[in-house]
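Down below is the structure, laid out as structure tokens.
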Amino acid sequence: MWKELVPLLGPASAGLERFDGLLAAIPNTHILLSPLLTEEAVLSSKIEGTNVTLGEVLEIEAGVESEKLTQSKRADAEEVLNYRVALQACADQMKMQPFSQQILRAAHALLMRGVRGREKTPGSYRREQNWIGPDGCELKQARFIPIAPEHLQSGMDHWERYFGSETEPDALVQLSILHVEFEALHPFRDGNGRLGRMLIPLFLHQRGLLSSPDFYMSRFLEANREEYIDRLRAVSREQDWTGWCAFFLKGIREQAAENESKARRILALYNRVKLQIVEWTRSSHSISAVDFIFKTPTFTGSVFSSFAKIPKPTAYRMLPILVRKRLLREIHGASGPRAAVYMFSELLNIAEGRSAF
């Protein structure tokens, strides 16, 4: 019912345009917005039941050994890191060709690599009937039953053609329909929710609504998880397409504003820190150091030296300066063979949206 959606389309589109204008002004978005991508992966996975924070994911990635980082936390972190890898792989592939089912299946294989559900034929569509409901429920108790496996490929073919279609009246409404239809088809045995949310920035980028696939919507969906799920179900249960589309457009508008605010703060922080590190260290490697700590805000000294391509003596001279100036925080001291671990707290607080670090 377009009459109900028209008032929402302008603000959602305008919010995206403002955010995209900022993206175009940010040098090396894959570096500066890296913490936002990791936060997106954390929140999208949280909707599916993981219980690991942004800080814990980055500590695990940095190789931190701590009793609080249980095996369960480490398993959840692997799911988050897989999400990040799969999204980047899709974006890289789409530089060479439009989005396709081949790219989708490859992304699913990466998403499920080495994590729970890895035995459920990663990268392949399901060959048996699945359903959505309470853990362990039978088919007759299901809240939703997706398409039968013998009709799934036909359904996905239709879905793929709709993804690439540019004849719809509005691309954002088309995206909202694509998302709900993907979740309704539920083509894989596991990982459909995360994959469906991953498709949002990929579609926006392919359609030219964003200059890069850096749009993060899972914070809105996780914050409104109950309504998110209810709206999805209401489409199949009551044919309430308009209600779903209105909810989705509201999410686009709110997340565009939040993403823009965070990106502006990160850009301002980058410009400030770039000058500060040059002044503090007087090193020709200052800019390499800045780029590294923005892309990898939790790290050890050896990783800092290797990946920032800074000579070890210079790297180990710089780190104490950055700690003393309170730009970095040493969250785990060196102990025997275990290296010290550093955190760029101010950047992570922007990504988190609160003073969490």
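Residues of the stretch 1-21 being crowded, with 17+ Cβ neighbours inside 10 Å and either within 20 Å of Arg219 (Cα to Cα) or modelled with pLDDT under 95 (or both), which ones?
Start the filter on the stretch 1-21 by keeping residues that are crowded, with 17+ Cβ neighbours inside 10 Å, which leaves 5, 8-9, 12-13, 15-16, 19-20.
Listed by number, the residues that qualify are Leu8, Ala12, Ser13, Gly15, Leu16, Phe19, Asp20.
Scan the stretch 258-276 and report the pairs whose first residue is under 12 Å from Gly353 (Cα atoms) and whose second residue is surrounded by 15 or more Cβ atoms within 10 Å (Cβ to Cβ), with Cβ atoms within less than 6 Å and a gap of 6+ or a chain change.
Pairs that qualify, where the first residue is under 12 Å from Gly353 (Cα atoms) and the partner is surrounded by 15 or more Cβ atoms within 10 Å (Cβ to Cβ), are Asn259/Phe19; Asn259/Tyr216; Lys262/Ile350; Ala263/Leu22; Arg265/Ile350; Ile266/Leu32; Ile266/Ile350.
With the structure loaded, tell me whether Ala86 is over 19 Å from Ala340 (Cβ atoms), assigned to a helix (DSSP H, G or I), at pLDDT below 95 and of a type in the set (A, V, I, L, M) or whether it fails that test.
It is false that Ala86 is over 19 Å from Ala340 (Cβ atoms), assigned to a helix (DSSP H, G or I), at pLDDT below 95 and of a type in the set (A, V, I, L, M).
Give the residue, chosen from Lys325, Lys295, that is more than 29 Å from the chain's Cα centre (by Cα) and either over 20 Å from Leu37 (Cβ atoms) or in contact (Cβ under 8 Å) with a residue 24 or more places away in the chain (or both).
On the way: Lys295 fails: more than 29 Å from the chain's Cα centre (by Cα).
Step by step, each of Lys325, Lys295 is checked, and only Lys325 is more than 29 Å from the chain's Cα centre (by Cα) and either over 20 Å from Leu37 (Cβ atoms) or in contact (Cβ under 8 Å) with a residue 24 or more places away in the chain (or both).
The values are calculated or read from the model by the stated rules, or taken from the named source; none is laboratory data. As the structure is a prediction and not an experimental result, all values here were calculated from the model. A quick note on method: Cβ atoms are made from the backbone with ideal geometry, for glycine too, and the neighbour counts reach across all protein chains shown.
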